[in-house]
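Below is one structure; the comments refer to it alone.
The values are calculated or read from the model by the stated rules, or taken from the named source; none is laboratory data. Only a predicted model underlies this, so the values are computations on that prediction, with no experimental measurement involved. Glycine gets a Cβ as well: all are built from the backbone with ideal geometry, and neighbour counts include every protein chain shown.
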Amino acid sequence: MVDRLANSEANSKRIGVVEGCFGAAGQPLAIPGRVLIGEGILTKLCRKKPKLRQFFLFNDILVYGNIVIQKKKYNKQHIIPLESVTIDTAPDNGEYDLRNGWLIKTPTKSFTVFAATATEKSEWMNHIGKCVGDLLQKSGKAPVGEHAAVWVPDSEASICMRCQKAKFTAVNRRHHCRKCGFVVCGPCSEKRHLLPSQSSRPVRVCDFCYGMLTAERLKPRRSRTSDIDL
Ligand SMILES: [Zn+2]
Ligand SMILES: [Zn+2]
């Protein structure tokens, strides 16, 4: 991670360059008060396999994209408001020999990234943590409580993680439960449930989560006035 000068001409120049690297398909990044804190390449654990992504940490957002030409051209820009972010250290990934990882969790999407070294990891985590803390302090808001599940990568499950029976093949496809992130078979995830933070339409959930969500919904709510009812 490369630290940049805050609130200087160099900083706003650099933000302009980053904006340019994403081209016309990217969002405008230069807004008053925004500071580029650092940038670097991280390995993002995607559904199929780990992929290198370019990350930019600003004081209020985390931006990442695919690398087309390093330091020159990026695409598929993603912008995450830091106010909704929670970070957590992640276990090593033996399959791809990835270490120095942490989770980036938000209500709509959560994922794991890995830095090249332990120092880089702690720099990223410290900076992100500080930015989130400062934002919450400024806004007076509480940290977000509920996060989207981190999806278990396809390669980590050769059989359904719920029924433990269905073997995945070219025909018997893998699915992901949007609630727990498990890799499950079709018959174990036929139901849909509304998860408002992820989508306005019902999304795929496994039978286990469907049961939990339905039980939660049916739980009798204690009415506020019941204490004073005579
Ligand atoms: Zn199953
Ligand atoms: Zn589930």
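Identify, from the list ILE79, ILE37, ILE87, ILE67, the residue that is over 26 Å from ALA118 (Cβ atoms), in contact (Cβ under 8 Å) with a residue 12 or more places away in the chain and not in a loop (DSSP other than H, G, I, E, B).
Only one candidate passes the filter, namely ILE79.
Residue-wise test of (1) in a helix (DSSP H, G or I); (2) over 26 Å from PHE22 (Cα atoms); (3) in the same structural domain as ILE41 (by TED's automatic domain parsing); (4) within 13 Å of the chain's Cα centre (by Cα).
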{"site": "GLN54", "(1), (2), (3), (4)": "no, no, yes, no"}
{"site": "LYS71", "(1), (2), (3), (4)": "no, no, yes, no"}
{"site": "TYR74", "(1), (2), (3), (4)": "no, no, yes, no"}
{"site": "PHE111", "(1), (2), (3), (4)": "no, no, yes, yes"}
{"site": "CYS131", "(1), (2), (3), (4)": "yes, no, yes, no"}
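Out of the stretch 178-215, which residues are hydrophobic (A, V, I, L, M, F, W, C) and within 16 Å of ligand 1 (Cβ to nearest atom)?
Within the stretch 178-215, CYS180, PHE182, VAL183, VAL184, CYS185, CYS188, VAL205, CYS206, PHE208, CYS209 qualify.
Out of the stretch 135-177, which residues are more than 10 Å from ligand 1 (Cβ to nearest atom) and among the β-branched types (Val, Ile, Thr)?
Matches in the stretch 135-177: VAL144, VAL150, VAL152, THR169, VAL171.
Go through (1) in the same structural domain as ASN59 (by TED's automatic domain parsing); (2) in a helix (DSSP H, G or I) and name the single condition ALA116 misses.
(2)
Take the stretch 79-100 and flag every residue that is in contact with a helix residue (DSSP H, G or I) (Cβ under 8 Å, 6 or more places away or on another chain), surrounded by 19 or more Cβ atoms within 10 Å (Cβ to Cβ) and not β-branched (Val, Ile, Thr).
LEU82, ASN100
Just to verify a result, which residue in the stretch 155-197, among those that are closer than 22 Å to SER110 by Cα, away from ligand 2 (no atom under 14 Å from the Cβ) and touching a residue at least 12 places away in the same chain (Cβ under 8 Å), is nearest to the chain's Cα centre (by Cα)?
Among those that are closer than 22 Å to SER110 by Cα, away from ligand 2 (no atom under 14 Å from the Cβ) and touching a residue at least 12 places away in the same chain (Cβ under 8 Å), it is SER197.
Out of the stretch 90-107, which residues are within 21 Å of ASN66 (Cβ to Cβ), modelled with pLDDT of 95 or more and not in a strand (DSSP E or B)?
Of everything in the stretch 90-107, just one residue is within 21 Å of ASN66 (Cβ to Cβ), modelled with pLDDT of 95 or more and not in a strand (DSSP E or B), namely THR106.
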